[in-house]
Amino acid sequence: MNDALNQSKNLIVLTIIYNIGEGIVALYLGIKNNSTSLLGFGLDSVIEITASMVAIWGVTSSNENVGRKAEKIISYSFLALAFFILIKSSYDLLNTIKPEATLFGVLLAAISILVEGPLSYKKLQLGKKLNNQVLIAEAKETLFCLNLSILVILGIGLNYLFNVWYFDPISALLMIPWLFHEFKEHR
């Protein structure tokens, strides 16, 4: 069990390191190109860093209350991101605020799929093996980043290829049901 716990901590640290880089690039591109999808993606990286730090706290503590608090913090991060996406996407759609097309955003999301997929799968496996709800919640946050990558590719990819700007905020809005589901499951 100690080996699985150490492996889960190492995967969480790797998640933090990767998301620092991903978050900086996504936020930069999101601001530069006014892309709601990329801004949501970048903010999700910040949330994932926070969730990972909280998960290390929850995974290493033998106190059950710490684990419950850690899981609750992670769940509210899902809700915060859902509200941000709802407000920003609605504003952009109602005011016809068009994002710039960016190939770099598509490439960033594609790289994220390659990194976040294996990370989330392994953390989810370890979370189930350890019966640790905090690690499972953190793995789902990583899995959400993978799903988010697909929506980002869809939204900014269609804008890049066909100049259909509104797919960017619409693809961001498609993230909300999943975010709300994860919030309810882990609060």
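The values are calculated or read from the model by the stated rules, or taken from the named source; none is laboratory data. Remember, it's a predicted structure, so these values are computed and weren't measured experimentally. In this analysis, Cβ positions are derived from the backbone assuming ideal geometry, glycine residues included, and neighbour counts consider all displayed protein chains.
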Identity of the residue in segment 27-37, assigned to a helix (DSSP H, G or I) and touching an Asp or Glu at 6+ places or on another chain (Cβ under 8 Å), that ends up farthest from residue 149 (Cα to Cα): 32
Counted residues, segment 140-181 - those being outside any helix (DSSP H, G or I) and either of a type in the set (S, T, N, Q) or touching a Leu at 6+ places or on another chain (Cβ under 8 Å) (or both): 5
Among (1) touching a residue at least 24 places away in the same chain (Cβ under 8 Å); (2) among the β-branched types (Val, Ile, Thr); (3) closer than 21 Å to residue 33 by Cα - the single one residue 54 does not satisfy: (3)
Subset of segment 54-81 that is surrounded by 21 or more Cβ atoms within 10 Å (Cβ to Cβ) and of a type in the set (A, V, I, L, M) - its residue that is farthest from residue 10 (Cα to Cα): 81
Count of residues meeting criterion [at pLDDT below 80 and under 15 Å from the mean Cα position of the chain (by Cα)] in segment 52-78: 1
Residue within segment 74-92 that is among the acidic types (Asp, Glu) and closer than 18 Å to residue 158 by Cα present: yes
Residues of segment 130-158 that turn out to be of a type outside the set (S, T, N, Q) and within 19 Å of residue 13 (Cα to Cα), as a count: 13
Single residue of segment 79-105 satisfying the filter (closer than 17 Å to residue 187 by Cα and aliphatic (A, V, I, L, M)) that is nearest to the chain's Cα centre (by Cα): 81
Hey, residue 106 surrounded by 15 or more Cβ atoms within 10 Å (Cβ to Cβ), aliphatic (A, V, I, L, M) and over 14 Å from residue 39 (Cα atoms) or not: no
Test: residue in segment 95-102 that is part of a helix (DSSP H, G or I) and surrounded by fewer than 21 Cβ atoms within 10 Å (Cβ to Cβ): no
Total residues in segment 151-175, condition out of contact with any Phe, Trp or Tyr (no Cβ under 6 Å at 6 or more places or on another chain) and buried (at least 16 other Cβ atoms within 10 Å of the Cβ): 17
